Amino acid sequence: MSLTDSQAMVAVVTALAIVAGLAGVVVPGLPALPLCWGGVLVWTLFGDAGAGRWLVLAAVTVVAAGGAVVKYLWPGRNLKSAGVPASSLLAGGVLGLIGFFVIPVVGLVIGFVGGVWGAERLRLGSNQLAWPSTVQALKAAGLSMLVEFLAGLVIGVLWVAGLLFA
């Protein structure tokens, strides 16, 4: 496999987009799966990998779309069955975003937990009742991140397979 300079550049750009997408799972403001998918799109359009590159793009598109849907539906179903309302999650999301900028690195988690707990405390009127809902919200957020990260990894694996075999 010999690479020209332009092929190497396209491969590097694609790899960087996929890595940035994987980082976007935990960094607010970086769209994780769209970055991964966009990197493979760049490789498909500008790379010289043969006709198989379109199959790779099709497979990556299915994985990205499926991951985007599952990352919301699966945790959302778990939260609904646990009785955690969307308003509590919204409060957690807003305070998590604020916390990310106020306290670098850990502020996102602190803000999310504090926001969900505060909203549930107001809604339920008790610390003992608010905490289980907060734990369920944390589990759902973790599950959503895990689904998104795994979809990004599958996209990366499909691209590497396409790079090697297409």
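Read-outs: derived from the displayed coordinates by stated rules, not from any lab. As the structure is a prediction and not an experimental result, all values here were calculated from the model. Note that we place each Cβ from the backbone using ideal geometry, even for glycine, and neighbour counts take in every protein chain shown.
Under the condition of being within 20 Å of the chain's Cα centre (by Cα) and surrounded by fewer than 18 Cβ atoms within 10 Å (Cβ to Cβ), which residue from region 1-15 is farthest from residue 159 (Cα to Cα)?
As a first pass, look at region 1-15 and keep what is within 20 Å of the chain's Cα centre (by Cα): 13-15.
Next, from what is left, pick out any that are surrounded by fewer than 18 Cβ atoms within 10 Å (Cβ to Cβ): 13, 15.
Details: 13: 12, 15: 9 Å.
It comes out as 13.
Restricting the search to region 60-85, which residues are without any contact (Cβ under 8 Å) to a residue 24 or more places away in the chain and not in a helix (DSSP H, G or I)? Show your work before the answer.
Of all residues in region 60-85, those without any contact (Cβ under 8 Å) to a residue 24 or more places away in the chain come to 62, 65, 69, 73, 77, 80-81.
Answer for region 60-85, where residues must be without any contact (Cβ under 8 Å) to a residue 24 or more places away in the chain and not in a helix (DSSP H, G or I): there is none.
Quick check: anything in region 27-44 buried (at least 21 other Cβ atoms within 10 Å of the Cβ) and over 30 Å from residue 108 (Cα atoms)?
Scanning region 27-44, I find at least one residue that is buried (at least 21 other Cβ atoms within 10 Å of the Cβ) and over 30 Å from residue 108 (Cα atoms), so the answer is yes.
Under 8 Å by Cβ, and 6 or more places apart or on different chains, what pairs join a residue from region 141-159 that is among the polar types (S, T, N, Q) with one that is surrounded by 18 or more Cβ atoms within 10 Å (Cβ to Cβ) and assigned to a helix (DSSP H, G or I)?
144/71; 144/75
Quickly run through region 16-57 and pick out the residues that are within 16 Å of the chain's Cα centre (by Cα) and either outside any helix (DSSP H, G or I) or among the hydroxyl-bearing types (Ser, Thr, Tyr) (or both).
24, 25, 26, 27, 28, 29, 30, 31, listed by residue number.
Scan region 1-14 for residues that are touching a Gly at 6+ places or on another chain (Cβ under 8 Å) and either in contact (Cβ under 8 Å) with a residue 60 or more places away in the chain or at positive phi (or both) and report the count. Full working, then the answer.
Residues of region 1-14 that are touching a Gly at 6+ places or on another chain (Cβ under 8 Å), as a first pass: 7, 10-11, 13-14.
Still in the running and either in contact (Cβ under 8 Å) with a residue 60 or more places away in the chain or at positive phi (or both): 11, 14.
Final tally of qualifying residues: 2.
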